[in-house]
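Read through the structure below, which is laid out as structure tokens, and then see the notes.
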Amino acid sequence: MTPDTLIAAARELSDAVDAMRFAPPVTHVYNPLVYAWAIHERYLRRYGEGKKRVVFLGMNPGPFGMAQIGVPFGEISLARDWLGLEGAVGTPLQINPQRPVEGFACSRSEVSGRRLWGLFKERFGTADAFFAGHFVANYCPLAFFVGGRNLTPDKLPLSEQTPLFAACDTHLRALVAALEPEWMIGIGAWAEARVRAALAGTDNDCRIARILHPSPASPAANRGWDKAATRQLIELDVWHG
């Protein structure tokens, strides 16, 4: 498998969701697969080569991570200094003045991304060592805002969820077919549920589980997320102690 398969699937997903419209209370929708496509494509091309034993799946872009630079859980400093990704980022068609896109100049920290990529850096040392058997993706590429507040896809009305999730499920199945993982690990219970729904009825036999989401909104995650996630992965036999 070459990264071209992932790139084509991402373009197809981007085109599908970019045509969708979302009603109030949503005020702004960002699609980083459009304005940050160059960085996202670079991420896929550099790290999407070959089969992956473990694929981690998040929900959707965070306002200071993927929404800024197009990299899943894209904490700026780790994406630049550890993943080696950098470059110009465009702007959404409709800019949310409360959540401007500053690309790699963004000074805000994506806490979930800092925790996630920080754990991988600590355990594997180099990005190449991590990606030799792992990959990180998001289920939904869109970021939704109600003013300055982030709105997650599970909070959308069913009439908007249905076509959105159909497109995201199609992409997820293409991702799994391309990477052939032994494990799909949802980052949080919702992502795990979407993996199970997308792969239900297929002949894919990868194992599905989840780890605690690293969000600072989770009290459990704030009590040592890296140790908790590592323990979960070792107990699942995804990682070895």
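The values are calculated or read from the model by the stated rules, or taken from the named source; none is laboratory data. Nothing here was measured: the structure is a model prediction, and the numbers come from that model. Every residue, glycine among them, receives a Cβ derived from its backbone with ideal geometry; neighbour counts consider all protein chains shown. For accessibility, only protein heavy atoms count, side chains too; no ligands or nucleic acids. Shrake-Rupley method; radii C 1.70, N 1.55, O 1.52, S 1.80 Å.
Brief remarks follow.
- Kyte-Doolittle mean at least 0.0 and Cα axial length at least 27 Å: DSSP H helices in the chain: 158-179
- Efficiency of FRET between Arg46 and Asp15 - r from beta-carbon atoms, R0 30 angstrom, step 0.05: 0.85
- Among Pro32, Pro153, Pro219, the largest mean-square fluctuation in a Gaussian network model of the chain (Cα springs under 10 Å) belongs to Pro219.
- Across q = 0.23, 0.25, 0.30, 0.32 Å⁻¹, the stretch 1-45 modelled as identical point scatterers on its alpha-carbon atoms has Debye log10 I(q)/I(0) values of -0.80, -0.88, -1.09, -1.16, in the order of the q list.
- Overall Cα dimensions of the stretch 18-82, principal axis frame, Å, largest first: 40, 25, 20
- Within the accessible surface of the chain, defined with a 1.4 Å probe on protein heavy atoms only, the carbon and sulfur portion equals 52 percent.
- Amide H contacts for Gly70 (H built 1.01 Å from N in the peptide plane; partners 5 or more residues away or on another chain; cut-off under 5 Å): none found.
- Alpha-carbon centroids, the stretch 59-119 and the stretch 151-207: separation in whole Å: 23 Å
- Its relative contact order, with pairs defined as Cα atoms under 8 Å and 6+ residues apart, puts the stretch 1-89 at 33 percent.
- Debye, to nearest 20: dipole size of the chain, +1 on Lys, Arg Cβ, -1 on Asp, Glu Cβ: 560 debye
- Tail fraction, Cα-Cα pairs, the chain, threshold 22 Å, whole percent: 50 percent
- Gyration tensor verdict on the stretch 134-237 (Cα atoms; rounded if a/c is under 1.5, prolate if a/b is larger than b/c, oblate otherwise): oblate
- Mean Cα-pair separation over length for the chain, i.e. relative contact order, pairs under 8 Å, 6 or more apart, %: 25 percent
- For the stretch 42-58, the residues whose amide N sits under 13 Å from a probe point set 7 Å from the Cα of Ala132 along the beta carbon direction are 53.
- Restricting the calculation to Cα atoms, the stretch 179-241 shows an Rg/Rh of 1.02 when the hydrodynamic-style radius is the Kirkwood one.
- Gyration tensor (alpha-carbon) shape descriptor, the stretch 124-190, a/c threshold 1.5: oblate
- Placing unit charges on the Cβ atoms of the charged side chains and taking the dipole of the chain about its Cα centre, the candidate lying farthest along the positive direction among Gly113, Phe135, Leu164 is Gly113.
- Calculated accessible area for the chain comes out at 44 Å² per residue, all protein chains present (probe 1.4 Å; ligands, DNA, RNA ignored).
- Accessible surface, 1.4 Å probe, highest first, among residues Lys52, Lys227: Lys227, Lys52
- Across the stretch 181-241, C-alpha contacts under 8 Å between residues 6 or more apart give a mean separation that, scaled by the residue count, equals a relative contact order of 31 percent.
- Theoretical ellipticity at 222 nm over the chain - DSSP helices of four or more residues, -39500 (n - 2.57) apiece, nearest 500: -13000 deg cm²/dmol
- For Glu49, Glu160, the ranking by accessible surface with the largest value first comes to Glu49, Glu160, using a 1.4 Å probe.
- GNM result for the chain, Cα springs below 10 Å: residue of Gly70, Gly133, Gly113 fluctuating most strongly: Gly133
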